[in-house]
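Peer 1: First the structure, then my questions, so here it is.
The values are calculated or read from the model by the stated rules, or taken from the named source; none is laboratory data. Note that the structure is a prediction, hence the values are computed from the model and not measured. Note that we place each Cβ from the backbone using ideal geometry, even for glycine, and neighbour counts take in every protein chain shown.
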Amino acid sequence: MKEQPDAVLVAKEKGVAVVTLNRPQSLNAMSEGLMRALDRAVDGITADDDVRAVIVSGNGKAFSAGGDLLEFQKLLYGNPQRLIETLAYNQSVFEKVERLPVPVIGAVNGTAVAGGFELLLGCDVIVASATAEFGLPEVKRGLFPAGGGTFLGTRIPLGVALELALTGDSISASRAAALGLVNVVTPPDEVLPSALALAERIAANGPLALAAVKELVRLGVTDAARARERQREWQEIVFNSEDAREGATAFVERRPPVWRGR
C-alpha cells in the first residue's frame with residue numbers, strides 16, 4: 001500500500017506543529033496509506049529542532065473511528081498474516097508519537113475509538129470537545145485492542161480500564177475528564193484554539209526541560225527505578241546546559257528567555 005500524502009496534513013507556526021488526520025469522508029479511518037503518512041510526519045517532526053510542541057487532530061466530524069474496516073476485512077479473509085503485520089506496524093507508529101521528544105497534545109473534535117483512541121494514548125495531554133466520545137469496541141467484534149489500548153490502565157484506574165476494554169462501551173468527554181484521561185473539555189468550536197493556546201504555553205518553556213519532564217513522568221508510571229536512574233542522567237544534561245543558565249539570567253533581567261533549542 002502506497003502512502004497517501006494528503007491523508008495527513010502538517011502545519012507549523014510559532015514552534016507548534018499541527019498534525020491533522022485528513023480522511024473526513026471515512027471519519028479519518030486509519031488506512032495503511034494514512035498510517036504511512038502519519039509515520040512520515042512524525043519522522044519529520046522528530047528531525048525538526050524548531051518544533052517545541054505537537055498537536056494531533058482530525059478533520060471533519062471525528063478524530064478517528066479507528067482502522068479502515070474495508071481494508072481490515074479484506075486482509076482478515078485474504079491474508080491474515082499481513083493483517084497481523086499491519087497491526088504491529090500501526091502500534092509502532094503510535095509508539096513513535098509517544099516517544100516524540102516534545103510534548104504532544106491530542107485535540108479531539110469528535111469520536112475517538114479503537115485505533116483513534118489508541119493514538120490518543122500516545123499523546124501527553126488531551127483537549128476534547130464536549131461532544132467527543134472515547135472507546136475500545138474491539139471485543140464487540142471478537143477482537144482486542146492491539147495498538148496499545150490494553151495499556152489504558154497506565155492512564156486511568158485499572159478497574160475502569162478493564163470495564164472499557166471488556167464491555168467495548170464508549171464514554172463521554174465529561175467522564176473521560178473525571179477519570180483524568182482528558183485534561184480540558186471545550187465547546188466543539190473551541191477545541192483547536194484551546195489546544196493551540198495550551199501548546200504555545202508549553203512551547204514557551206525550556207526545550208531540554210520539557211523533554212526531561214515528559215520522559216521522566218511517563219517512565220515513573222511503569223518503571224520507577226529506571227526513572228530515578230534517568231533523572232540523574234537528565235540532571236547532568238539539563239543543569240549543565242546553556243538553557244539552564246539562560247533561564248536564570250532571563251529571570252534576573254526580567255525578560256523572556258531565548259532558548260537554544262533541543
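Peer 1: Considering only residues that are in a helix (DSSP H, G or I), touching a helix residue (DSSP H, G or I) at 6+ places or on another chain (Cβ under 6 Å) and among the β-branched types (Val, Ile, Thr), which ones fall in segment 99-144?
Peer 2: none
Peer 1: Let me ask something else about it. I want to confirm something. Restricting to segment 31-75 and keeping residues that are part of a strand (DSSP E or B) and not polar (S, T, N, Q), which single residue is farthest from Asn205 (Cα to Cα)?
Peer 2: Only one residue tops the list, namely Gly67.
To keep it simple, each residue is scored yes or no on (1) over 9 Å from the mean Cα position of the chain (by Cα); (2) outside the structural domain of Lys61 (by TED's automatic domain parsing); (3) of a type in the set (Phe, Trp, Tyr); (4) at pLDDT 95 or above.
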| residue | (1), (2), (3), (4) |
| --- | --- |
| Glu85 | yes, no, no, no |
| Ala88 | yes, no, no, no |
| Ile105 | no, no, no, yes |
| Val108 | yes, no, no, yes |
| Ala112 | yes, no, no, yes |
| Leu120 | no, no, no, yes |
| Val125 | no, no, no, yes |
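Peer 1: Could you list, in sequence order, all residues of segment 158-203 that are charged (D, E, K, R) and assigned to a helix (DSSP H, G or I)?
Peer 2: Glu163, Arg175, Asp189, Glu190, Glu200, Arg201
Peer 1: If you scan segment 204-262, which residues turn out to be part of a loop (DSSP other than H, G, I, E, B), over 23 Å from Ala47 (Cβ atoms) and under 25 Å from the mean Cα position of the chain (by Cα)?
Peer 2: Asp223, the sole residue that qualifies.
Peer 1: Take the residues in segment 158-167 that are surrounded by 12 or more Cβ atoms within 10 Å (Cβ to Cβ) and not hydrophobic (A, V, I, L, M, F, W, C); name whichever of them is farthest from Gly180 (Cα to Cα).
Peer 2: Residue satisfying both the conditions and the ranking: Thr167.
Peer 1: Here's a follow-up. If the Cβ limit is 6 Å and pairs must be 6+ apart or interchain, which residue in segment 120-135 that is under 9 Å from Gly110 (Cβ atoms) pairs with which residue that is buried (at least 23 other Cβ atoms within 10 Å of the Cβ) and hydroxyl-bearing (Ser, Thr, Tyr)?
Peer 2: Glu133/Thr111
Peer 1: Looking only at segment 165-183, how many residues end up being touching a helix residue (DSSP H, G or I) at 6+ places or on another chain (Cβ under 6 Å) and among the β-branched types (Val, Ile, Thr)?
Peer 2: So the answer is 1.
Peer 1: OK, next. Restricting attention to segment 129-163, which residues are of a type in the set (A, V, I, L, M) and farther than 24 Å from Lys96 by Cβ?
Peer 2: Ala130, Val139, Leu158, Val160, Leu162
Peer 1: For segment 19-34, indicate whether the set of residues that are touching a residue at least 60 places away in the same chain (Cβ under 8 Å) and either exposed (fewer than 15 other Cβ atoms within 10 Å of the Cβ) or of a type in the set (Val, Ile, Thr) (or both) is non-empty.
Peer 2: No, segment 19-34 contains no residue that is touching a residue at least 60 places away in the same chain (Cβ under 8 Å) and either exposed (fewer than 15 other Cβ atoms within 10 Å of the Cβ) or of a type in the set (Val, Ile, Thr) (or both).
Peer 1: Let me ask something else about it. If I go through segment 166-192 residue by residue, how many of them are under 14 Å from Leu152 (Cα atoms) and touching a residue at least 40 places away in the same chain (Cβ under 8 Å)?
Peer 2: Number of matching residues: 4.
Peer 1: Something else now. Taking the conditions exactly as written (within 20 Å of Val97 (Cα to Cα), hydrophobic (A, V, I, L, M, F, W, C), surrounded by 15 or more Cβ atoms within 10 Å (Cβ to Cβ) and in contact with a helix residue (DSSP H, G or I) (Cβ under 6 Å, 6 or more places away or on another chain)), does Leu198 satisfy them or not?
Peer 2: Against the criterion (within 20 Å of Val97 (Cα to Cα), hydrophobic (A, V, I, L, M, F, W, C), surrounded by 15 or more Cβ atoms within 10 Å (Cβ to Cβ) and in contact with a helix residue (DSSP H, G or I) (Cβ under 6 Å, 6 or more places away or on another chain)), Leu198 does not qualify.
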